[in-house]
Amino acid sequence: MGKFIRHALNYTASPKINLYPRDIIAPAMTNIFAKWKDGLAKTSKAAFGQIATLFGATDITPEIWDELEALLIQADLGMDTADIILDALEKRVDREGLTKAQQLRTALREELRLLLSSPPPLQFEAQPTVILIVGVNGSGKTTSIAKLGHRFSSEGKQVLLGAADTYRAAAVDQLEIWANRLNLPIISGQMGGDAGAVAYDTVKAAISRNSDIVLIDTAGRLHTRFNLMEELKKVHRVVGKAMPGAPHAVWLVMDATTGQNAIQQARAFKEAVKVSGVVLAKLDSSARGGMAFAIQRELGLPILFAGLGEKPEDMQPFDPQAFVNGILGEED
Ligand SMILES: Nc1nc2c(ncn2[C@@H]2O[C@H](COP(=O)(O)OP(=O)(O)OP(=O)(O)O)[C@@H](O)[C@H]2O)c(=O)[nH]1
Ligand SMILES: [Mg+2]
């Protein structure tokens, strides 16, 4: 058994913690599963849909293995992750004496689930808790901030947004429009101004207003642009000057449609600033979705939230079971 699978098994053996109050509200839960199902409709029809069709055959044949490997790679799991899954499945077929394609399908569902961890509980101990949002151009940062701000404020938290993308024309306006629409307070910078100064002012304002959560938007940047990555490090440092210990979290917004390239990008962000978690945006636009597995296995970062649409309420805490059911279709 591979090292990671062992780890994943240990993980699920630990007691389950109920992370979100939503879990105890039954009607809301039906709603949430519907959201995951709708949000992942593209993925479940495309790559993972073909996997489901593959298991329409009755017996496990050598061809099934070859096709399954190709389909997992096409689904954006990446070669290494696909191999780990296949390896685990082969061992289970031997150990449990599986012969039917349906049994393999159930085993696949379980193995995929084991590769994903539930997000750790969010820590909001510091007052304010400062969260820096980073990522490549167009990954979904600003929209995700609006959605997260909406979510946290609906939970009763005092949220303050910081529009520290002073680089792209209209970036500040974009977040201001969201802030107005969602009734969230915001500190904005001037276009072309110093992003660090805006971040600093936002944190200082949050301290004096007694805010609970600060979400700071930053300019999109290519991970290969040295100067821009240095600037991001500076924003990170300046936030720490405004409040010792801040930022308390750095969330990398990743675009689920980018595929395997996004893993390389994420590594560069991880090196530049201490990324603590991933927001996986645009899962609803992705036909593949397998990136979620690669993010956890190859980057060791938890996926905290998933973007399942463009509306403020289309941001859900990452739920491995709902995700696997969403991409593979309902339980057998
Ligand atoms: N369908 C869908 N669209 C999304 C999601 N998240 C963001 N978008 C769209 O993606 C586009 C880019 O989103 P932004 O939030 O502006 O991305 P950004 O990372 O802030 O972009 P820059 O500031 O230019 O780097 C917008 O059209 C969003 O509406 C999502 O979860 N689902
Ligand atoms: Mg933006």
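The values are calculated or read from the model by the stated rules, or taken from the named source; none is laboratory data. Everything quoted here is computed from the prediction, not taken from an experiment. We place every Cβ from the backbone using ideal geometry, glycine too, and count neighbours over all the protein chains shown.
Let's see how each residue does on (1) at pLDDT below 95; (2) more than 30 Å from L77 (Cα to Cα):
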residue	(1), (2)
L184	no, yes
D201	no, yes
N210	no, yes
I213	no, yes
R221	yes, no
M254	no, no
E271	yes, no
K274	yes, no
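For segment 279-312, enumerate the residues that are within 10 Å of ligand 1 (Cβ to nearest atom) and either among the aromatic types (F, W, Y) or in a strand (DSSP E or B) (or both).
Of everything in segment 279-312, those that are within 10 Å of ligand 1 (Cβ to nearest atom) and either among the aromatic types (F, W, Y) or in a strand (DSSP E or B) (or both) turn out to be V279, L280, A281, F305, A306, G307.
Between P27, P62, which is under 29 Å from L98 (Cα atoms), exposed (fewer than 10 other Cβ atoms within 10 Å of the Cβ) and modelled with pLDDT of 50 or more?
Step by step, each of P27, P62 is checked, and only P62 is under 29 Å from L98 (Cα atoms), exposed (fewer than 10 other Cβ atoms within 10 Å of the Cβ) and modelled with pLDDT of 50 or more.
Can you find a residue that is within 16 Å of ligand 1 (Cβ to nearest atom), in a helix (DSSP H, G or I) and surrounded by 18 or more Cβ atoms within 10 Å (Cβ to Cβ) anywhere in segment 247-257?
No, segment 247-257 contains no residue that is within 16 Å of ligand 1 (Cβ to nearest atom), in a helix (DSSP H, G or I) and surrounded by 18 or more Cβ atoms within 10 Å (Cβ to Cβ).
Matching residues to (1) under 15 Å from the mean Cα position of the chain (by Cα); (2) polar (S, T, N, Q):
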{"site": "N227", "(1), (2)": "no, yes"}
{"site": "K233", "(1), (2)": "no, no"}
{"site": "V239", "(1), (2)": "no, no"}
{"site": "V250", "(1), (2)": "yes, no"}
{"site": "N261", "(1), (2)": "no, yes"}
{"site": "A268", "(1), (2)": "no, no"}
{"site": "E313", "(1), (2)": "no, no"}
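Do you know which residues across segment 136-166 are polar (S, T, N, Q), within 13 Å of ligand 1 (Cβ to nearest atom) and in contact with a strand residue (DSSP E or B) (Cβ under 8 Å, 6 or more places away or on another chain)?
S139, T142, T143, S144
Just for strands (runs of 3 or more DSSP E) wholly inside segment 108-195: which have at least 2 residues that are crowded, with 24+ Cβ neighbours inside 10 Å?
129-134, 159-164
Do you know which of the residues in segment 318-331 that are crowded, with 19+ Cβ neighbours inside 10 Å and not aromatic (F, W, Y) is farthest from Q103 (Cα to Cα)?
D319
Suppose the filter is of a type outside the set (G, A, S) and buried (at least 18 other Cβ atoms within 10 Å of the Cβ); does I207 pass it?
no
Could you list, ordered by first residue, the pairs with Cβ atoms under 8 Å in which the first is in segment 137-154 and within 14 Å of K282 (Cα to Cα) and the second is within 14 Å of ligand 2 (Cβ to nearest atom) and of a type in the set (S, T, N, Q), at least 6 apart or interchain?
Partner pairs satisfying both residue conditions: K141/T218; T142/Q174.
Out of all the residues in segment 167-188, is one or more over 21 Å from G307 (Cα atoms), away from ligand 2 (no atom under 13 Å from the Cβ), among the hydrophobic types (A, V, I, L, M, F, W, C) and touching a strand residue (DSSP E or B) at 6+ places or on another chain (Cβ under 7 Å)?
yes
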